[in-house]
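This report concerns only the one structure given below.
Derivation of every value follows stated rules applied to the coordinates shown; laboratory data play no part. Because the structure is predicted, anything quoted here is derived from the model rather than measured. We place every Cβ from the backbone using ideal geometry, glycine too, and count neighbours over all the protein chains shown.
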Amino acid sequence: MLIRRVETVGLIVNPIAGMGGSVGLKGTDGEDVLKKALSLGAKPVAPQRAEIFLSHLKHINGDIAFLVGAGWMGEFEIQSVGFKYNVVGERKEKTTAEDTREIAKEMLKRGIKLLVFCGGDGTARDIMDAVGMRLPVLGIPSGVKMHSAVFAVNPENAAKVVFRFLYEGLPLREAEVMDVDEDSFREGRLSAKLYGYMLVPYEPEMIQSVKEASILTEDELYNQAAIAVYFTEEIMEPDTLYILGPGTTIRAITALLNEEKTLLGVDLLLNRKVIKRDVNEIEILESVRGRKAKIVVTPIGGQGFIFGRGNQQISSRVIREVGLKNIIVLATKQKIKGLKCLRVDTGDPELDNRLRGYIKVIIDYGEEYLVPIK
């Protein structure tokens with residue numbers, strides 16, 4: 001073994017992170033939004049993702065100890081795994097951003113080797129406010145709008161990065177902490193802002209890149225239009241429900257049909273008409289039951305995710321119901337040029353494994369490109 005002593009890793013879980021995704025709320029910042037998410041049937045996401053992360057570190061139990069947040073902020077998640085751990089803070093029924101910041105500050109004082117947090121961009125901002133550049137951090141993705149470059153691709157890869165950081169001494173890099181205005185986001189306006197940087201173990205295959213904004217040049221708009229014409233002329237079938245994910249490339253399809261689409265939401269298209277806008281997971285499942293359906297998505301620029309980032313309404317349950325053979329991916333040539341692969345992070349590891357392989361991506365009129373999904 002290369003580790004000569006037990007290393008201490010901090011773990012903070014934001015238990016409400018990501019709850020707004022499947023119900024179409026595009027985030028859970030603020031108590032009112034959380035109440036609405038719960039009223040729509042939202043379930044906690046972060047605790048399960050933290051447990052997946054921990055399960056992939058079982059093989060080094062004994063060489064690693066954890067300092068965890070109290071209650072649902074890490075303590076409950078680690079209890080079933082068997083790691084040595086100590087608790088920071090007090091158990092609370094309702095946790096806040098201030099709890100995250102205070103626990104992170106205390107962990108910094110206690111000299112941990114690495115701080116791992118489970119949440120989204122808002123949680124990343126809270127961690128940055130507490131520790132800045134004084135401590136290496138790593139995010140387990142569990143939010144809705146994860147634009148920052150401090151997150152692993154998924155919980156399993158987060159565990160691999162922790163292992164390699166402790167055993168192999170992965171180098172550190174300064175990674176961007178981004179966030180968006182959730183109110184604007186819910187109204188279909190994407191307003192992203194750089195808040196600062198944190199130190200993150202550098203492993204480019206396992207850490208997501210910062211989200212790149214779409215630059216709608218004349219060539220890009222022409223490319224989107226060509227994809228839309230090809231889709232409507234050659235791909236679309238009658239009496240088939242199309243689940244349209246977010247993005248300007250997909251919006252070009254509805255624009256061609258003189259139909260209105262939500263830019264950042266998921267809409268339903270049937271017989272060339274948008275029949276429902278900004279739907280959530282339950283509405284999609286109710287609409288596809290007993291009907292032929294297909295999912296249409298475009299990758300996030302710079303990151304390559306087709307599922308699990310910004311479109312959690314198209315959940316693992318939706319994908320299983322529709323069928324893996326009924327997934328259509330569209331992307332402009334410029335976007336595909338900037339990606340080495342596509343990514344999936346549905347929260348269902350077994351489904352993610354089934355999705356991995358190669359998929360055809362429509363990149364122009366009558367032009368397709370095989371791209372790997374990792």
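The relative contact order of the chain comes to 14 percent, based on Cα pairs under 8 Å that sit 6 or more residues apart.
What share of the DSSP beta bridges in the chain is antiparallel, in percent to the nearest 5?
Roughly 40 percent of the beta bridges in the chain run antiparallel, per DSSP.
State the Cα centre-to-centre distance between the stretch 336-374 and the stretch 274-323 in whole Å. Between the Cα centre of the stretch 336-374 and that of the stretch 274-323, the gap is 15 Å.
For Phe66, nonlocal amide neighbours, meaning residues 5 or more places apart or on other chains whose placed amide H falls under 5 Å from its own, are Val9, Lys84, Tyr85, Asn86. Peptides 152-158, 204-210, 321-327 ranked from most to least packed by the mean count of surrounding Cβ atoms within 10 Å: 152-158, 204-210, 321-327. In whole Hz, with x marking every Gly and Pro, tabulate ³J(HN,Hα) for the stretch 9-17 from phi via Karplus 6.51 cos²θ - 1.76 cosθ + 1.60, θ = phi - 60°. Working through the residues one at a time gives 10, x, 9, 10, 10, 8, x, 9, 4 Hz.
Over the residues of the chain, the helix contribution to mean residue ellipticity at 222 nm works out to -8500 deg cm²/dmol, using -39500 (n - 2.57) for each DSSP H run of at least 4.
Residues whose amide H comes within less than 5 Å of that of Ala293, counting only those at least five positions distant or on another chain, are Leu241 (H built at 1.01 Å from N in the peptide plane). 3J(HN,Hα) along the stretch 197-206: 9, 9, 7, 10, x, 9, 8, x, 7, 10 Hz, from the Karplus curve 6.51 cos²θ - 1.76 cosθ + 1.60 with θ = phi - 60°, whole Hz, x for Gly and Pro. Once backbone amide H atoms are built at 1.01 Å from N, His147 has Asp121 as its partners under 5 Å, excluding neighbours fewer than 5 places away on the same chain. Label positions at Ala225 and Tyr202, each projected 7 Å from the Cα along the C-beta direction, are separated by 4.3 nm.
Exceeding 30 Å between C-alpha atoms, which entries from my cross-link table qualify? They are Lys105/Lys335; Lys92/Lys374; Lys113/Lys211; Lys160/Lys337; Lys294/Lys340; Lys43/Lys276. Violating the 30 Å limit, Cα to Cα: Lys105/Lys335; Lys92/Lys374. Subtracting the Cα-Cα distance of Glu260 and Tyr365 from their residue separation scaled by 0.36 nm leaves 35.6 nm. Model label points for Glu90 and Ser55, set 7 angstrom from Cα along the Cα-to-Cβ axis, are 3.4 nm apart.
When each of the peptides 69-81, 351-363, 109-121 is scored by the mean number of other C-beta atoms lying within 10 Å of its residues, the order from highest to lowest reads 109-121, 69-81, 351-363. Reported to the nearest whole Å, the Cα centre-to-centre distance from the stretch 90-155 to the stretch 159-180 is 13.
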